[in-house]
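Just passing along the structure, written as structure tokens.
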Amino acid sequence: MPFVTDFRMPFRYSTNPHQEEVTPLARQWMFARGLLDEGTVPEYEMARIPELMSGAYPAISHEDLSLSCDAMGVMFTLEDEDCGSNPRPTLDGVAARCKAMAALMHGEESGEETGGDDPVVTAFGQVWQRLCEGMPESWIDRHRTHWREFLDNHYDWEIVVVDRHGIPTYDDYLRDRGTATGMRVLYDWSERLHRTHLPAPVLQDPRLARLGELVIHTIIGINDVHSFERERRRGEKVPNLLSVLMHHEALTQDQAVARAQKLVADAVGEYLDLESAVLSSWWREGLSPERMTALEHYTTALRNWMRSNYQWHLFVPRYGHVPPDADRDRAVTDPV
């Protein structure tokens, strides 16, 4: 299938000025915590996590960009080890890891039966403490809920749904895949990394949840098109938007790609209209300047995630559409 580049993404793309300095630090952090070795570093390098986070959070500090890269590194390891490795871990092992991570968020120690000395669990515990530093309890509770939803989905849906239930329906797929993206976890990070906190009335506005859902639709559409061939080559039994459309609607692969493009275009169009309505209505409601700034930071982060995700798929070698860069991806041939 030809490389698809014509997703329409009208948002400005910019990168964080600390990206170059943070990139080797992020790799070192992963090595130091046992999340990378000489065998796994090529996949990490070709994922280009610092570039993704740099585009998603272009205005945050050096320290916070490092935190975002470390946190995403944990998510990357969890996803790649459990969904793409060969042989894959047992389902019991994946569940134990996820439950151990959940236990750490409640201040519990992870015993042998729920994770033991699993480096992913240990690294997650360190990241969790850094994420929560200075944040109010209401944010911590919400963030814990979003992590738990992501972890539960990871072992109870993403890696088992095809074997247990076959190809999910379109609506079921968008709902459950939306949780599997972990994007609601990442939306919370935008508050932590910008030192803001959305007030309860804004968080309870159903239009804000819809904005987040629309961003997720763009993430799914773009990622599933680019990852489809890679998943087939690797024999990964994970659902994909294209396989859902090809199975349930008898579409060809090209037709399924066109539907994915339409999903993204429709989501962006609705997002633009709804974001304007949300910001203007809360301004008319008399939201304080400080809280209005927090909301604007949040919606800017949503835009940045859509654009950074799209841009990342254009240059990342991970999916086989772009060859590795000899300088940037040096660890592919020189892992130490």
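The values are calculated or read from the model by the stated rules, or taken from the named source; none is laboratory data. Fair warning: this is a prediction, and the values are worked out from it, not measured in the lab. Here the Cβ is made from the backbone with ideal geometry for all residues, glycine too, and neighbour counts use every protein chain on show. Please note that ligands, DNA and RNA were not included when accessible areas were found on the heavy atoms of the full protein model with its side chains. Shrake-Rupley method; radii C 1.70, N 1.55, O 1.52, S 1.80 Å.
What is the one condition in (1) at pLDDT 95 or above; (2) more than 15 Å from residue 79 (Cβ to Cβ); (3) part of a helix (DSSP H, G or I) that residue 124 does not satisfy?
Just one mismatch for residue 124, condition (2).
Of these, 209, 200, 250, which one is in contact (Cβ under 8 Å) with a residue 24 or more places away in the chain, over 16 Å from the mean Cα position of the chain (by Cα) and open to solvent by 20 Å² or more (accessible area, probe 1.4 Å)?
Residue meeting the stated conditions: 200.
Looking at (1) assigned to a helix (DSSP H, G or I); (2) in contact (Cβ under 8 Å) with a residue 60 or more places away in the chain; (3) within 25 Å of residue 35 (Cβ to Cβ); (4) not small (Gly, Ala, Ser), find the lone condition where residue 135 falls short.
The single condition residue 135 does not satisfy is (1).
Of all residues in the stretch 285-304, which are assigned to a helix (DSSP H, G or I) and either polar (S, T, N, Q) or open to solvent by 30 Å² or more (accessible area, probe 1.4 Å) (or both)?
289, 290, 291, 293, 296, 297, 299, 300, 303, 304
From the list 48, 97, 27, which residue is of a type in the set (Lys, Arg) and either touching a Pro at 6+ places or on another chain (Cβ under 7 Å) or under 19 Å from residue 143 (Cα atoms) (or both)?
Of 48, 97, 27, the one residue that is of a type in the set (Lys, Arg) and either touching a Pro at 6+ places or on another chain (Cβ under 7 Å) or under 19 Å from residue 143 (Cα atoms) (or both) is 97.
Is there a residue being of a type in the set (Asp, Glu) and open to solvent by less than 20 Å² (accessible area, probe 1.4 Å) anywhere in the stretch 260-276?
Yes - at least one qualifying residue is present in the stretch 260-276.
Restricting to helices (runs of 4 or more DSSP H) lying wholly in the stretch 1-79: which have 2 or more residues that are in contact with a Phe, Trp or Tyr (Cβ under 6 Å, 6 or more places away or on another chain)?
49-56, 62-79
Additional query: Here's a check for you: in the stretch 151-160, which residue that is part of a helix (DSSP H, G or I) and either free of Cβ contacts under 8 Å to residues at least 60 places away in the same chain or open to solvent by 10 Å² or more (accessible area, probe 1.4 Å) (or both) is nearest to residue 188 (Cα to Cα)?
Residue satisfying both the conditions and the ranking: 151.
Hey, residue 192 hits all of (1) under 11 Å from the mean Cα position of the chain (by Cα); (2) crowded, with 23+ Cβ neighbours inside 10 Å; (3) not β-branched (Val, Ile, Thr) but one; which does it fall short on?
The number of the failed condition is (1).
Provide a single number: the residues in the stretch 118-149 that are acidic (Asp, Glu) and under 25 Å from residue 92 (Cβ atoms).
2
Within the stretch 119-138, restricting attention to residues that are farther than 19 Å from residue 27 by Cα and more than 19 Å from the chain's Cα centre (by Cα), which residue is least open to solvent (accessible area, probe 1.4 Å)?
Restricting to residues being farther than 19 Å from residue 27 by Cα and more than 19 Å from the chain's Cα centre (by Cα), the top hit is 135.
Still on this structure, please answer the following. Could you list all residues from the stretch 36-59 that are open to solvent by less than 10 Å² (accessible area, probe 1.4 Å) and hydrophobic (A, V, I, L, M, F, W, C)?
41, 47, 49, 53, 56
Additional query: Is it the case that residue 256 is open to solvent by less than 20 Å² (accessible area, probe 1.4 Å), part of a helix (DSSP H, G or I), among the aliphatic types (A, V, I, L, M) and within 26 Å of residue 168 (Cβ to Cβ)?
yes
Can I ask one more? Select from the stretch 162-175 the residues that are in a helix (DSSP H, G or I) and in contact (Cβ under 8 Å) with a residue 24 or more places away in the chain and write down the one among them that is surrounded by the fewest Cβ atoms within 10 Å (Cβ to Cβ).
163
Is there any pair with a first residue in the stretch 24-38 that is under 15 Å from residue 125 (Cβ atoms) and a second that is crowded, with 16+ Cβ neighbours inside 10 Å and among the acidic types (Asp, Glu) whose Cβ atoms are under 6 Å apart and which are 6 or more apart or on different chains, and what are they?
So the pair list comes out as 29/70.
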